[in-house]
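Q: Let me begin by handing over the structure; questions about it come next.
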Amino acid sequence: MLQDVFSKQSEKRILAIGFLSLFGLFALLAFYAVINPKIFNILLSITASNILFGRMSGLSIGIAFQMNTFWLILFNLLIETILVLIFYPLFVMSWERLHIIPYAPLRDFFRRSQENAQKYEPLIKKYGIIGLILFVLFPLNMTGPVAGSFVGYLMGLGHLTTILVVILSTFGAIIVWTYLIKNFEATLIVYSDTLIAVLSITAVIVLLWYFVRRKFLNGNKKED
């Protein structure tokens, strides 16, 4: 069954699973928005922080609000798994046909991703799956589960192997970072509101910078 879903030509099915999982996440958030707004705010903050800044910021927020460790780990794993299940098949489908991505910013993202994946692929391929695991584990620039899944594809690994290795490595990384960050739990609890405020302001600045930069570049292209 799994082999059929994750066969070489099953990118659309993987993408469908990703969007179904995303819908499930939205349903969970909507449920807590009605039942328990406080939990909703925490989950929404974790989701936004994880997507924008990475797992460490998402985990830090959950720990700051003293979220149950088991559910914190599971929730962050869900977020990162959804990202992989959506971006990995899109990357595969766009590898030689970037024009099939109609949204320009997303197309630019995949173009940069192709360049970075090609950059790291020879080094990781040298160490095989172990190299891919380490690539996902370490929170360095342009590493992580999504980038790792791209590299796995370039290494010639099957869809099922790539996704399983990436998700299991991500699970291990989340557990390790959760317990490392918990050493600073007391400090995070004291400054939890400040942490949310700083991350929110940073997110707004990053988004504004992105749109201003994009408008500036488009203006230059029109002049040319």
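Q: What ranking, highest mean first, results for peptides 46-53, 23-30 when packing means the other Cβ atoms within 10 Å averaged over each residue?
A: 46-53, 23-30
Q: Now a separate question. Apply 1/(1 + (r/R0)^6) to the Cβ-Cβ distance of THR161 and ALA33, taking R0 = 30 Å, and write down the FRET efficiency to the nearest 0.05.
A: 0.20
Q: Rounded, prolate or oblate for the stretch 36-75? Axes are the square roots of the Cα gyration tensor eigenvalues, ordered a ≥ b ≥ c, and the cut-off for rounded is a/c under 1.5.
A: Oblate is the answer for the stretch 36-75, as a/c is 1.5 or above yet b/c matches or exceeds a/b.
Q: Would you mind ranking VAL136, VAL165, VAL176 by Cβ crowding within 10 Å, fewest neighbours first?
A: With the fewest neighbours first, VAL136, VAL165, VAL176 line up as VAL176, VAL165, VAL136.
Values quoted throughout were computed directly from the atomic coordinates according to the rules given, and no laboratory measurement underlies them. Because the structure is predicted, anything quoted here is derived from the model rather than measured. Here Cβ is always computed from backbone atoms with ideal geometry, including for glycine, and neighbour counts include all displayed protein chains.
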